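Engineer: Structure provided below as structure tokens; questions to follow.
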Amino acid sequence: MDTEPDAPLRSRLEDTFWERHSNPKSGWSRLLVSPLLVFALYRRDRRLVALAVLATVVNPVAFGPPDPDTDSWMTRAVRAERWWIEAGNGSLGLGWPNVLNTVNVPAFAYALAAAYARKPVRAALATALSMGLKLGWVELVARRYDAALDAETR
């Protein structure tokens, strides 16, 4: 996944994006954006909504690449996500494990709607469900990634 210096600009930018996003600080802090956005909508705080949206956009490149010796679950998870997507599996669909991400979409939409309707328990439960579905998808993709790496080294 390392791009040669004379590779097209798009490839170099994608490599930079994914490598920086694989920093565990990026992955874990990005996970916090969902509850921040739900809270911002609940409070009807436009500045907080803007901050959450800005954090979503900036987060993947806000941190440097991870330590090469890191053994972080989040680093492995982000690398697995890239591997999965580049293998042509996408991230949404009715097949396993993509169905988890597909169900995540209406769960998070419901969390946002519940927050806007000021139903805090429903908003919190839907946010927790959404985050659980995303983490479940990432864990399953990471397991497949690990299995593929193990098969390559045999």
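The values are calculated or read from the model by the stated rules, or taken from the named source; none is laboratory data. Note that the coordinates shown come from a computational prediction; the quantities given were computed from them, not determined experimentally. Every residue, glycine as well, gets a Cβ built from its backbone with ideal geometry; the counts of neighbours run over all protein chains shown. Heavy atoms of the whole protein, side chains included, go into the accessibility calculation; ligands, DNA and RNA do not. Shrake-Rupley method; radii C 1.70, N 1.55, O 1.52, S 1.80 Å.
Engineer: What are the extents of the Cα atoms of segment 15-80 along their three principal axes, in Å, largest first?
Structural biologist: 42, 19, 16
Engineer: Sum -39500 (n - 2.57) across every DSSP H segment of at least 4 residues in the chain, then divide by the residue count to get the 222 nm mean residue ellipticity, nearest 500.
Structural biologist: -25000 deg cm²/dmol
Engineer: At a Förster radius of 22 Å, what calculated FRET efficiency corresponds to the Cβ-Cβ distance of Phe17 and Glu152, to the nearest 0.05?
Structural biologist: My answer for the efficiency is 0.35.
Engineer: Please report, in whole Å, how far the alpha carbons of the chain spread along each principal axis, starting with the longest.
Structural biologist: Dimensions of the chain along the principal axes of its Cα atoms: 53, 32, 27 Å.
Engineer: What ranking do 82-92, 32-42 get when scored by the average of other Cβ atoms within 10 Å per residue, highest first?
Structural biologist: 32-42, 82-92
Engineer: Ratio to report: Rg/Rh of segment 85-138, with Cα atoms as the point set and Rh obtained by the Kirkwood method; give two decimals. Don't jump to the answer; show the numbers that get you there.
Structural biologist: Values: Rg = 12.5 Å, Rh = 11.5 Å.
Value, to two decimals: 1.09.
Engineer: If you don't mind, there's one more thing I want to ask. Per residue, how many Å² of accessible area does the chain show with a 1.4 Å probe?
Structural biologist: 62
Engineer: Which whole-number percentage describes the relative contact order of the chain, with Cα contacts under 8 Å and a sequence gap of 6 or more?
Structural biologist: Once normalised by length, the contact order is 25 percent.
Engineer: On to the next question. Whole-Hz ³J(HN,Hα) for each residue in segment 142-154, computed from phi via Karplus 6.51 cos²θ - 1.76 cosθ + 1.60 with θ = phi - 60°, x for glycine and proline: what do you get?
Structural biologist: Taking θ as phi minus 60°, the curve returns 5, 5, 5, 4, 4, 5, 5, 5, 4, 5, 5, 8, 7 Hz for segment 142-154.
Engineer: Need one number: the % of Cα-Cα pairs in segment 56-123 sitting beyond the 20 Å mark.
Structural biologist: Pairs farther apart than 20 Å: 53 percent.
Engineer: If one computes the Cα centroid of segment 122-154 and of segment 21-39, what distance in Å separates the two points?
Structural biologist: 15
Engineer: Using a probe of 1.4 angstrom, how much of the accessible area of segment 61-154 is carbon and sulfur, in percent?
Structural biologist: Whole-percent figure for carbon plus sulfur exposure: 62.
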